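Asker: Could you have a look at this structure, given as structure tokens, before my questions?
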Amino acid sequence: ASSFAIAVTAGFGLGTWLLLHATIGVPLPDATWSALVQVHGHAQLVGFAGLLVMGIGHRILPRFRGSDDVPTSEVLLSFGLVALGLFLRPAQVWADLPARNALLLLSGAAELAGMLVYARLALRTLARGTNDHRPDELFLAAGAMFGVIGAMWGLVALAPAIAKLEARNSTVTGSDRR
């Protein structure tokens, strides 16, 4: 349900708004086109696809392996951290937001932490269970690790947005001193 909600709002909704802006000139908020496109793409990849894959993985991996379900508290922790990161990510749109850098750093760190929790749970589930191991479990394990790699890249990708604001703030501060 959470992946669908994100897809409809920040994914398809923002994507439609951007398309209408590009085709018929519907006004955008006071933000850059590239920041809005990045928020839209991130919502689609991490919010829709990522949360959907996490939900399916939490549900079917124990059945593949014949093991117990993952504890609900750990599932909620992984989803909650990724959702927190997604919720904070639009801070990159508002360059003048006072706590923008901290919010972007927290966004990337929360998504990475959530994907680490998910990968740990998925790998633990794949290692346990009563069913015989199958070769395709290597692909499932690799997929969980690619989620972590993607979240790491997402955190690194925020650095230019944070640095651009820092450079602008130091320029403004420098000119204020003269």
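Every read-out reported here was derived from the displayed coordinates using simple, explicitly stated rules and does not represent laboratory data. Not measured: the values here are computed from a predicted model. All Cβ positions, even for glycine, are placed from backbone atoms using ideal geometry, and neighbour counts span all protein chains on display.
Asker: Would you calculate the separation in nanometres between label points at residue 19 and residue 106, each defined as 7 Å from the Cα along the Cα-to-beta-carbon direction?
Answerer: Result for the modelled spin labels: 3.4 nm.
Asker: Then there is this: Evaluate the relative contact order of the range 64-115 (contact order divided by residue number), counting alpha-carbon pairs under 8 angstrom at least 6 apart; express in whole percent.
Answerer: Working: 44 pairs, mean separation 23.5, N = 52.
Reported as a whole number, the value is 45 percent.
Asker: State, as an integer percentage, the relative contact order of the chain based on alpha-carbon contacts under 8 Å between residues 6 or more apart.
Answerer: 21 percent
Asker: Right, here's the next one. Would you calculate a helix-derived [θ] at 222 nm for the chain, using -39,500 (n - 2.57) for each DSSP H run of n ≥ 4 and dividing by the full residue count, to the nearest 500?
Answerer: -23500 deg cm²/dmol
Asker: Applying the Karplus parametrisation 6.51 cos²θ - 1.76 cosθ + 1.60 with θ = phi - 60° to the phi angles of the range 17-30, what ³J(HN,Hα) value in whole Hz is obtained for each residue in order, glycine and proline being reported as x?
Answerer: 4, 5, 5, 5, 5, 5, 8, 10, x, 4, x, 9, x, 5
Asker: About the Cα centre of the chain, how large is the charge dipole given +1 on each Lys and Arg Cβ and -1 on each Asp and Glu Cβ? Please answer in debye to the nearest 20.
Answerer: Details: 13 positive and 11 negative charges, 43 e Å.
Roughly 200 debye for the chain.
Asker: Another question, then. Assuming 0.36 nm per residue, please report the length gained on full extension of the stretch residue 35 to residue 142 beyond their Cα-Cα distance.
Answerer: Details: separation 107, 0.36 × 107 = 38.52 nm, distance 3.03 nm.
Stretched out fully, the residue 35 to residue 142 stretch lengthens by 35.5 nm.
Asker: Using packing as a proxy for protection, rank 135-147, 98-110, 13-25 so that the peptide with the highest average count of other Cβ atoms within 10 Å comes first.
Answerer: 98-110, 135-147, 13-25
Asker: For an R0 of 35 angstrom, estimate the FRET efficiency from the Cβ-Cβ distance between residue 153 and residue 68 and round to the nearest 0.05.
Answerer: Computed FRET efficiency for residue 153 and residue 68 comes out at 0.60.
Asker: Give the value in nm², to one decimal: projected area of the alpha carbon convex hull of the chain, averaged over all directions. Provide the component values of the computation, followed by the final result.
Answerer: Working: hull surface 48.0 nm².
In nm², the orientation-averaged hull projection of the chain is 12.0.
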